[in-house]
1. Based on alpha-carbon centroids, what's the gap between segment 329-369 and segment 71-96 in Å, whole number please?
2. Quote the relative contact order of segment 286-343 in percent (integer), defining contacts as alpha-carbon pairs under 8 Å separated by 6+ residues.
3. Going by average Cβ neighbours within 10 Å, how do the peptides 234-244, 22-32 rank, with the highest at the top?
4. What is the ratio of the Cα radius of gyration of segment 303-369 to 2.2 N^0.38 Å, with N the residue count, to two decimals?
5. What does the charge dipole of the chain about its Cα centre add up to, to the nearest 20 debye, if the Cβ of each Lys and Arg holds +1 and the Cβ of each Asp and Glu holds -1?
6. Can you give me the distance in nm between label points at residue 66 and residue 161, each placed 7 Å from the Cα along the Cα-to-Cβ direction?
7. Determine Rg/Rh for segment 1-151; Rg is computed over alpha-carbon atoms and Rh is the Kirkwood hydrodynamic estimate from the same atoms.
8. So, counting K/R as plus one and D/E as minus one, what does the shell of residues with Cβ under 11 Å around residue 116 add up to?
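FYI, it's all coordinate maths here, none of it is from the lab. All of these numbers come straight from a predicted model, not from anything done at the bench. Backbone-built Cβ (ideal geometry, glycine too); neighbour counts: all protein chains shown.
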Amino acid sequence: MIDKKGMKQMKFKIGVIRGDGIGPEIVAEALKVMNKVAEKYAEEFEYEEILLGGASIDVHGKPLTEEALAAAKSCDAVLMGSIGGDTNTSPWYKLPADLRPEAGLLAIRKGLGLFANMRPAYLYEELKDACPLRDDIIGDGFDLVVMRELTGGLYFGARKTEEKDGVLEATDTLCYNENEIRRIAIRAFDIAMKRRKKVTSVDKANVLDSSRLWRKVVNEVAADYPEVTLEHMLVDNCAMQLVRDPKQFDVILTENMFGDILSDEASMVTGSIGMLSSASLKEGTFGLYEPSHGSAPDIAGKNLANPIATILSAAMLLRYSLNMDAAADDVERAVKEVLQVGYRTGDIMSEGMKEVGTSQMGDRIAERI
Ligand code: IPM
Ligand code: MG
């Protein structure tokens with residue numbers, strides 16, 4: 001598209017999944033920031049609202065419709081808040097498992113082919129006090145990224161519950177083929193090349209066949225990246241090393257279930273899960289971007305949620321899907337500045353700082369773009 005000044009202007013279509021719980025509030029703040037970016041860089045973002053999770057169940061009776069999936073596919077990237085409700089009280093959890101909010105999330109990941117989930121975990125200098133680790137362990141901080149395989153393994157293997165001779169038995173299957181392992185390994189090594197050039201591949205090769213295949217394929221991929229140091233680590237040891245010495249990690253590469261668990265642990269050791277973004281990617285530039293945290297139904301609608309993880313997810317979207325590195329840098333810088341001048345939401349509040357709500361935090365960041 002050519003604008004009035006004769007400058008080339010790109011028009012990007014961005015899917016917006018507001019979702020459940022605090023999702024709508026935090027997405028609204030990320031869109032404030034995106035709109036400032038559009039203005040500054042004379043780009044045009046067209047937003048397409050997409051229903052997922054509980055929000056979709058309420059309207060369509062299921063957590064993801066064919067239309068919603070098709071809409072997401074037609075976008076350059078998707079920005080998502082969070083989905084799901086209180087599993088004890090929400091009526092969504094009275095539905096069969098395949099109609100609950102989380103099933104929609106798994107279906108959209110699979111339907112869009114998003115096999116690579118990137119979850120950065122780093123320590124913010126300004127929020128060091130929130131880190132639960134001792135000062136001597138923190139040292140001068142840590143900065144790692146979990147690359148989690150997202151469309152295979154236990155999450156998507158055949159499962160069943162049956163009764164055998166009056167005894168209930170449930171089965172889940174963990175299956176990976178070498179191609180699924182290779183493509184996520186390649187993404188992990190590519191990312192390591194842009195970072196500190198170290199990959200820690202995490203498995204349970206002392207027990208599981210799927211892990212032994214994982215190790216073999218990762219070793220093969222590593223041969224194409226002579227500059228990257230590869231180490232293999234067993235998952236139980238990794239869980240321990242993350243709290244013992246998180247500085248040793250650069251890129252952690254692992255399968256779906258291990259990645260689910262280790263990424264929660266990695267985000268917790270930073271002390272600021274409300275700050276951490278994530279990207280779910282495939283080949284090419286399309287991606288779905290969402291905060292690492294959940295939908296926090298207990299504080300929904302109260303202007304209490306921290307929108308920073310979602311705003312930083314929008315920065316990842318700008319960087320990886322729209323190739324707008326300068327804009328992504330702007331967003332990350334604005335977040336840092338706002339922390340430096342002392343604005344905090346309740347979850348990261350500490351003495352002497354200025355406590356603000358969700359929308360004020362969004363305003364403070366957007367005005368610095
Ligand atoms: C996550 C979440 C999901 C997962 C749930 C909500 C299905 O825990 O994104 O880590 O296990 O992948
Ligand atoms: Mg999880």
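1. Here the answer is 27 Å between Cα centres.
2. 32 percent
3. The peptides rank, most packed first, as 22-32, 234-244.
4. 1.11
5. On the way: 45 positive and 59 negative charges, 156 e Å.
Around 740 debye, computed over the chain.
6. Distance between label points: 2.9 nm.
7. Using Cα coordinates only, the ratio equals 1.06.
8. Around residue 116, the charge tally is +2.
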